[in-house]
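Heads up, the thing below is written out as structure tokens.
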Amino acid sequence: MAELICRALRDGALDGEHAPALTIKDSIDSPFGPHVFNHVLAQLSANILSAKSQSQLRVLDCYTDPLGWKVRLMECGSISNRLPEASNTVRLCNDVRDLDKLSLSVIELGRELVGQGKGRFSVAIDSATEMLRHASISSLAALLSNLRSHDQVSCAFWLLHSDLHEVRVTAALEYMSSMLANIEPMARPTNVQRCNSDNLSLLEQNSNKGKFHARLKRRNGRVRLMSEEFCIEPSGIKFTAVSSDDGMITQSLVPKVQFNLQLSEEERIERAKVVLPFEHQGTGKPIEIYDGRQSFDQINMESSSGSAEKLQTNQDPGKGEIIYFRDSDDEMPDSDEDPDDDLDI
């Protein structure tokens, strides 16, 4: 499943489409987002080196001097340490608060790499959480939207520490993503287990393992949900398939509702006993069509009476009855009659 995500990022965007975007989301309960991020970056880099990807990579350093303090201190003589000079592979950014300028820097760096033609480049953000320390969610969303819609961006992915943000922030970044990788612990501790210092088995279980849930939006609009388990090893992160014996199966896309959509065995039996109004009897007797107003017993009684003139009236002298005879066949039928009652439906 993780390889499927890496392959989608490798293939990149088609002409006229937004670039595929991946959000890697972790939390303090399973802080392995950087491992997954590095795995995706390493896979994409390997595809680039083997010429299997349409994109290229460069680094825009936003960590060395994110707010430009070191530059100003150097200008006033407060410090003598020099910043690392920009190279062909690394460029410094001295103001991460101005995301419009940051977006132009990304595009400019990419164009220097692939030129003005049809070449494409990828964008990896480590991490969106760090960017949200200095910028609003609306400005970050605008940055990501501009990158995804740019015709030279092949793909984009970023890391997000979800428990450091409000739900609306996490939901906004998930909405902008075509793929979502959610990292969860193998077993979530309860409040009692959190306070019990003697219970170390749960901590050992979650120390280097976790669950990897992915959601992929396909080009036809369908959504695919998948799950895997991962283990952090000295050589890197390793993903393994989840068997159905462990209770991890493909999730249903049926929305959660307040009523049961499935029938019990007893309800199925009762439903099978119901005779539909237009259902043929098929028991060897003449097939009769129910007209929706009378029961079959009443129809049989009227047909056995011989003719319409032999109508039986109520013997109770205190009650009356109105009998209507149509003057001619040209007269329009009453509104309560079924015009299709002579059809063998």
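Assorted remarks:
- Measuring only protein heavy atoms, the 1.4 Å probe finds T64 accessible over about 40 Å².
- Largest-first principal axis extents of the Cα set of the stretch 1-42 (Å): 40, 17, 16
- Of the cross-linked pairs K101/K217; K25/K118; K70/K101, those separated by over 21 Å at the C-alpha level are K101/K217; K25/K118.
- Other residues within the sphere of radius under 11 Å centred on the Cβ of S264, judged by their own Cβ, net out at -2 (K and R +1, D and E -1).
- Gain in span if fully extended, S138 to V223, counting 0.36 nm per residue against the direct Cα distance: 28.0 nm
- In this structure M74 has an accessible area near 70 Å², from a 1.4 Å probe over the protein heavy atoms.
- Ranked by solvent-accessible area (1.4 Å probe, protein heavy atoms only, all chains present), the residues R222, R97 order from largest to smallest as R222, R97.
- Alpha-carbon radius of gyration plus Dmax, which is the widest Cα pair, for the stretch 83-151 in Å: 12.6, 35
- Label zone of S145 (point 7 Å out along Cα→Cβ, amide N under 14 Å): in the stretch 164-179 this covers 172-177.
- Calculated FRET efficiency for the pair T240/E17, C-beta based, R₀ 30 Å, to 0.05: 0.40
- Using a probe of 1.4 Å, the accessible surface attributed to H150 totals some 40 Å² when neighbouring protein chains are kept in position.
The values are calculated or read from the model by the stated rules, or taken from the named source; none is laboratory data. In this text the structure is predicted, and so the values were computed from the model without any measurement. No Cβ is skipped: glycine too gets one built from the backbone with ideal geometry, and neighbour counts run over all protein chains shown. Keep in mind that these areas ignore ligands, DNA and RNA; they rest on the heavy atoms of the full protein, side chains included. Shrake-Rupley method; radii C 1.70, N 1.55, O 1.52, S 1.80 Å.
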